[in-house]
1. Among the strands (runs of 3 or more DSSP E) contained in segment 1-49, which hold 3 or more residues that are more than 19 Å from Q128 (Cα to Cα) and not assigned by TED's automatic domain parsing to the domain that holds L130?
2. If the requirement is being surrounded by fewer than 15 Cβ atoms within 10 Å (Cβ to Cβ) and not hydroxyl-bearing (S, T, Y), which of these qualifies: A100, A80, A85, A68?
3. Name the residue that is modelled with the highest pLDDT, counting only residues in segment 121-130 that are surrounded by 15 or more Cβ atoms within 10 Å (Cβ to Cβ) and out of contact with any helix residue (DSSP H, G or I) (no Cβ under 6 Å at 6 or more places or on another chain).
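The values are calculated or read from the model by the stated rules, or taken from the named source; none is laboratory data. Being a predicted model, the structure only gives us computed values, none of them experimental. Glycine gets a Cβ as well: all are built from the backbone with ideal geometry, and neighbour counts include every protein chain shown.
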Amino acid sequence: MPELVFFSGTMDCGKSTLALQIEHNRSARGLVGMIFTRNDRAGAGKLSSRLGLVTDAVEVTDGMDLYAHLVDHLSQGGRADYVIADEAQFLAPEQIDQLARVVDDLELDVYAFGITTDFRTKLFPGSQRLVELADRVEVLQVEALCWCGARATHNARTVGGVMVVEGAQVVVGDVTDSAEEIGYEVLCRRHHRRRMTAATARAAALAPDVLPVPRS
Ligand SMILES: [Zn+2]
């Protein structure tokens, strides 16, 4: 039975690497995938991993019908044996419904990869819809670690080096002013709640008024 599988996790948990691995394994067996992505770090129409691997993909745009795209592709003699949707947190909920229809009506496996929650710890709408519709949710446990060494389960956003918990869910475009520069860091829940990034933890450890606490 074809399935809609949601591979979810934090940033840096190896989602895109696994997406590329699935693509590689299937193409080695002669299968052809339709690969969708959105806002990949390597640019439009690319699926890339932090390890440096990259492949071509179809860039999803606002209002694009993913089911219709596949039907058009197949009716024009194109081939698709399975579907990968990377950066699925950026897809609209209705586009996730279209992917479910691809599974049910075209009988193709769909592997969706996405970040579950944003820097405010709120679900991305695309990820929420995947949790609602997927046949299976796989939480990726590739060890993304907080600076304290605990498993990183939450995404933090920094603006000019300071952790923030308010702002737009998705920020598009580069900011050149370093005081406004947006960064991301994965943290354990404890340090996300305390707003403690690696930099603030380091600063606290170096502060002269903080005396080391003797261990008893
Ligand atoms: Zn931590």
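1. Values: elements: 4-9, 33-37, 46-48.
Passing ranges: none, list empty.
2. On the way: A100 fails: surrounded by fewer than 15 Cβ atoms within 10 Å (Cβ to Cβ); A80 fails: surrounded by fewer than 15 Cβ atoms within 10 Å (Cβ to Cβ); A85 fails: surrounded by fewer than 15 Cβ atoms within 10 Å (Cβ to Cβ).
Exactly one residue qualifies, and that residue is A68.
3. From segment 121-130, those surrounded by 15 or more Cβ atoms within 10 Å (Cβ to Cβ) are 121, 123-130; that's our starting set.
From what is left, the residues that are out of contact with any helix residue (DSSP H, G or I) (no Cβ under 6 Å at 6 or more places or on another chain) are 121, 123, 128.
Working: T121: 92, L123: 94, Q128: 97.
Going through the qualifying residues, I end up with Q128.
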